[in-house]
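Notes for the one structure printed next.
The values are calculated or read from the model by the stated rules, or taken from the named source; none is laboratory data. The structure presented is a predicted model; accordingly, all values stated were derived computationally and were not measured. Using ideal geometry, Cβ is built from the backbone for each residue, glycine included, and neighbour counts are taken over all protein chains shown.
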Amino acid sequence: MGWDKGIDYEFYRGWFERNLKHTRSDKRYAYTAILYTQLLNGSRISEAVRAVLEFVKTGNRELRVRLSKRRRDEYRLIIVPELIDRGRCIWICDIGEDRIVKRVKTFCRDRYHVNTHSLRYSFITHLLKENVNPSIIAKITKHSKLDFILTYTQEKEAEKILRENVEWG
């Protein structure tokens, strides 16, 4: 499927962690902190931005944030990773959510060569490999239709079986 670019969850997790530990730039730090939060929660980028902004304001790491792409107000749990330093992200509070989302999307594309939504599906693929039930994945990621996760799961499994079959050939 077009939105899954085959991004390896563990690779990006490690890359983001190294960048958080070693970058001197607060701008790069904050943008990477948002992407890291998105990856570890399987959220949309706007939800990760909301979570990090709220974390900076309150210090709470477990947050209920409003879902994107919903007509009525619905919320999901997002946990901001312990690695993230609140003080290095304070400056983003002065920018505005929409502008941060745009900047982080551009940063992700330019620095990491992927789009932010691919991180969401990297998380889903990771959970599938861990044999997490698709209905639980849909609850975690707040997909409104289980069919979407089931179709994705079945496609991933079909591709895996095809690869194994060719290797046996």
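Of note, residue 72 does not satisfy the criterion of being charged (D, E, K, R) and crowded, with 20+ Cβ neighbours inside 10 Å.
Would you mind finding the one in 99, 13, 71 that is under 30 Å from residue 159 (Cα atoms) and out of contact with any strand residue (DSSP E or B) (no Cβ under 6 Å at 6 or more places or on another chain)? It would help to see each step written out before you state the result.
Working: 99 fails: under 30 Å from residue 159 (Cα atoms); 71 fails: under 30 Å from residue 159 (Cα atoms).
When all the criteria are applied, what remains is 13.
For the range 104-122, the count of residues that are under 18 Å from residue 150 (Cα atoms) and aliphatic (A, V, I, L, M) is zero.
If we scan the range 67-77, do we find a residue that is at pLDDT 95 or above and over 18 Å from residue 99 (Cα atoms)? Give the derivation first.
Of all residues in the range 67-77, those at pLDDT 95 or above come to 77.
Those still in the list that are over 18 Å from residue 99 (Cα atoms) too: 77.
Checked against the condition, which is being at pLDDT 95 or above and over 18 Å from residue 99 (Cα atoms), the range 67-77 yields at least one hit.
Of all residues in the range 141-148, none satisfies being within 19 Å of residue 10 (Cβ to Cβ) and among the aliphatic types (A, V, I, L, M). Taken together, the residues in the range 81-91 that are part of a loop (DSSP other than H, G, I, E, B) and either of a type outside the set (Val, Ile, Thr) or without any contact (Cβ under 8 Å) to a residue 12 or more places away in the chain (or both) amount to 4.
Do any helices (runs of 4 or more DSSP H) lying entirely in the range 115-169 carry at least 1 residues that are in contact (Cβ under 8 Å) with a residue 24 or more places away in the chain and either exposed (fewer than 13 other Cβ atoms within 10 Å of the Cβ) or at positive phi (or both), and which ones are they? Before you say what the answer is, go through the steps one by one.
Numbers: elements: 116-129, 134-141, 146-168.
Ranges flagged: 146-168.
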